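The values are calculated or read from the model by the stated rules, or taken from the named source; none is laboratory data. All figures in this text were calculated on a predicted structure; none of them were measured in a lab. For neighbour counting, all protein chains shown are included, and Cβ atoms are generated from backbone atoms with ideal geometry for every residue, glycine included. SASA here: full protein model, heavy atoms, side chains in, ligands and nucleic acids out. Shrake-Rupley method; radii C 1.70, N 1.55, O 1.52, S 1.80 Å.
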Amino acid sequence: MEHPSMGTPPAGSIRFNTDSAKMEIYNGEKWWEIDSISAISTGARGLIMGGGSPARDNVVQYIQIETTGNAVDFGDLTTVGGRPSAGASTTRVVRGGGATPTIVNTIDYASINSTGNFSDFGDLTTARNQGGGLSNQVRAVFGGGNPNTDTMDYITIAQLGNAIDFGNLSGNRQSAGGAASPTRGLWMGGETTNTIEYITIATLGNAVDFGDLTQARRLADAGSNRNRAMLFGGGSPSGTHYDIIDYVQIATLGNAADFGNLTTAKAELAVTTSSTRACISGGEGPSPSYTDYNVIEYVEISTLGNAVDFGDLLGDRVFSPAGASNAHGWIG
């Protein structure tokens, strides 16, 4: 173990514990055995929260990411949640904002490894929906949203309370996709921009330019493991929708590259990830039909290629949910 004089390490630090002979990672509050964290990826759980069609709802459902099959009922949010944002640690999931259809500042939470209804956590600094959410083991950060804002605020996932100002995006941004490694968070796209920008999650400050997407788009969603971030689908204000999948290496600044394609063009979807796999749930098709989907599909993060069928969500169709998992950016 490290000498006491070394002080408190930053979140994401790794050490070899000479007492237990185990590798450990620091989550900002305590050390976790990496072996025990990695075991989550074999049973990684993804939650799909809110959304609905034709009306907004408060339904939460879950999938086991490393298998295939249909979603299962988890419980309910405290409020109806159209276009909310979300984040999670290995033990707790948080949902921020959304529309009832009135836009709300609600944050609620649940234990991600059980089932049941969500409970009140606190409030965002401003009411909004269509924001982006990202998280590591310690913090969840909510960025942008509708009404048009460049606000980022954050919570400490293990501690109930209201969100605190984090900094600002480079401009007002609705519907950007959020993804993260243990140390770095990415905001990808939103409205008519192809911008990717990043933050260091453990510190406060404004977002910094990272690179560009292959296509400007909004209402896409992002996911990651600790190495690679991906943006799925999305659309334009004119009603055009895309089946595009972009990816970047989180640690390396630069433009996104083509990964493959979804099974169909769609926006307003939810992404949940493990260390190896990204699952894409629900969504809405292009103009003029704007068909809503209950399809779940997936890709293997470490390889390039098109999405394949995973199963179905509860209900006939679901658009504009939020997604989060217990096994994303800190492993794999």
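Things to note:
- Charge-dipole axis of the chain as Lys and Arg at +1 and Asp and Glu at -1 on Cβ define it, positive-most pick from 102, 122, 236: 122
- Scanning residues 5 or more positions from residue 310 or on other chains, those with amide H under 5 Å from its amide H are 296, 297, 298, with H placed 1.01 Å from N in the peptide plane.
- If you take all other residues with their beta carbon under 13 Å from the beta carbon of residue 58, and give Lys and Arg +1 and Asp and Glu -1, the sum is -2.
- Accessible surface of residue 188 - all protein chains present, 1.4 Å probe, nearest 10 Å²: 0
- Along segment 149-159 the Karplus relation, 6.51 cos²θ - 1.76 cosθ + 1.60 evaluated at θ = phi - 60°, assigns HN-Hα couplings of 8, 9, 5, 10, 9, 9, 10, 8, 4, 7, 10 Hz to successive residues, with x for each Gly and Pro.
- Global form of segment 216-332, assessed from the alpha-carbon gyration tensor, a/c cut-off 1.5: oblate
- Prolate/oblate/rounded label for segment 272-329 (Cα gyration tensor, a/c 1.5): prolate
- Karplus-derived 3J(HN,Hα), 6.51/-1.76/1.60, for each residue of segment 297-306, Hz, glycine and proline x: 10, 8, 10, 8, 5, 7, 10, 9, x, 8
- Measuring only protein heavy atoms, the 1.4 Å probe finds residue 53 accessible over about 30 Å².
- The longest stretch of the chain left intact once loop-based GluC sites (Glu not before Pro) with at most 16 other Cβ atoms within 10 Å are removed from consideration, loops following DSSP, is 30-332.
- Accessible surface, segment 245-311, averaged per residue in Å² (probe 1.4 Å): 36
- The residues packed around residue 324, meaning those with a beta-carbon under 12 Å from its beta-carbon, carry a net charge of +2 if Lys and Arg are +1 and Asp and Glu are -1.
- Each Cα pair under 8 Å and six or more residues apart adds its sequence gap; the mean of these over the residue count of the chain is a relative contact order of 16 percent.
- Rounded to two decimals, the Cα radius of gyration of segment 191-247 over 2.2 N^0.38 Å is 1.22.
- Net charge contributed by nearby residues that have their C-beta within less than 9 Å of residue 201 (K/R +1, D/E -1): +2
- Split the accessible area of the chain by element, probe 1.4 Å, and carbon with sulfur accounts for 48%.
- For segment 178-195, 3J(HN,Hα) per residue [Karplus equation, 6.51 cos²θ - 1.76 cosθ + 1.60, θ = phi - 60°, Hz, x = Gly/Pro]: x, 8, 7, 9, x, 10, 10, x, 10, 10, 10, x, x, 6, 9, 9, 9, 6
- Cα gyration tensor shape for segment 85-206, rounded if a/c is under 1.5, else prolate or oblate: oblate
- Gain on full extension, evaluated as 0.36 nm per residue between residue 70 and residue 300 minus their Cα-Cα distance, stands at 81.0 nm.
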